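Take a look at the structure set out below.
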Amino acid sequence: MEKSVRVGVGVYIFNQNNQVLLGLRKGAHGSGMWCPPGGHMEFGESNEQAVLREAKEETNLDLSPESVVLQGVTNDFYAESGRHYITLHFFCRRFSGEPQLMEPDKCARWQWFDVDRLPENLFLSNRNFLKNHSLSLGA
């Protein structure tokens, strides 16, 4: 396996009730962990393009580009899989549509969580982000 560092993006989408959308992961990487919509940045994409594309692919939500704001960056090494990512974490408060399960092979379901009552089994990059950031600031 080639040793390289990949760029990941994730977007904390907040609804009008100050809840954040999280998905329960399936598959080999992070199965059984909760995380917001996101994935790999593709060659030639801007940060915002990657976020808008991943959110649409995974949830069918259309994010308002002007409301997608970078909140932090984490350096995430997944010891169990030997994967290494630099992850860009975004907040978004304006979107249209209702979350739909678009990739059932990668995600079991989408669920809204109160920002002060998140599940304990969060994906590594999200745990790392929340060590130094608060989702309450997204309110």
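The values are calculated or read from the model by the stated rules, or taken from the named source; none is laboratory data. Nothing here was measured: the structure is a model prediction, and the numbers come from that model. So basically every Cβ, Gly included, is an ideal-geometry build from the backbone, and we count neighbours across all protein chains shown. Please note that ligands, DNA and RNA were not included when accessible areas were found on the heavy atoms of the full protein model with its side chains. Shrake-Rupley method; radii C 1.70, N 1.55, O 1.52, S 1.80 Å.
In terms of accessible area, using a 1.4 Å probe and ignoring ligands and nucleic acids, S96, S67 rank largest first as S96, S67.
If I take R0 = 30 Å and measure r between the Cβ atoms of F113 and K3 in this structure, what FRET efficiency does the formula 1/(1 + (r/R0)^6) give, to the nearest 0.05? For R0 = 30 Å, the calculated efficiency reads 0.30. When all alpha-carbon pairs of the chain are counted, what percent fall beyond 26 Å? That tail contains 14 percent of the Cα-Cα pairs. Judged by the gyration tensor of its Cα atoms, with axes a ≥ b ≥ c, the range 68-139 is oblate; a/c meets the 1.5 cut and b/c is at least as large as a/b.
Paramagnetic label reach from S81 (point 7 Å along Cα→Cβ; backbone nitrogen cut-off under 13 Å): within the range 13-42, residues 25-35, 38-41. When the Cα positions of N126, H89, L61 are compared along the charge dipole of the chain, N126 comes out farthest toward the positive end, with charges on each C-beta of Lys, Arg, Asp and Glu. Ordering of 22-31, 114-123 by packing is 22-31, 114-123, highest average first (other Cβ atoms within 10 Å, averaged per residue). Adding -39500 (n - 2.57) for every DSSP H run of four residues or longer, then dividing by how many residues the chain holds, sets the calculated 222 nm ellipticity at -5000 deg cm²/dmol. Need the C-alpha centroid separation for the range 89-139 versus the range 1-68, integer Å. Going from one Cα centre to the other spans 9 Å. Our Cα-only numbers for the range 99-139 put the radius of gyration and Dmax at 12.1, 32 Å. Here the label points at R94 and N47, each 7 Å from Cα along the C-beta direction, are separated by 1.9 nm in the simple model. Using only Cα atoms, find the angle between the long axis of helix 47-59 and the longest principal axis of the chain, and express it within 0 to 90 degrees, rounded to the nearest 10. So the inclination is approximately 80 degrees.
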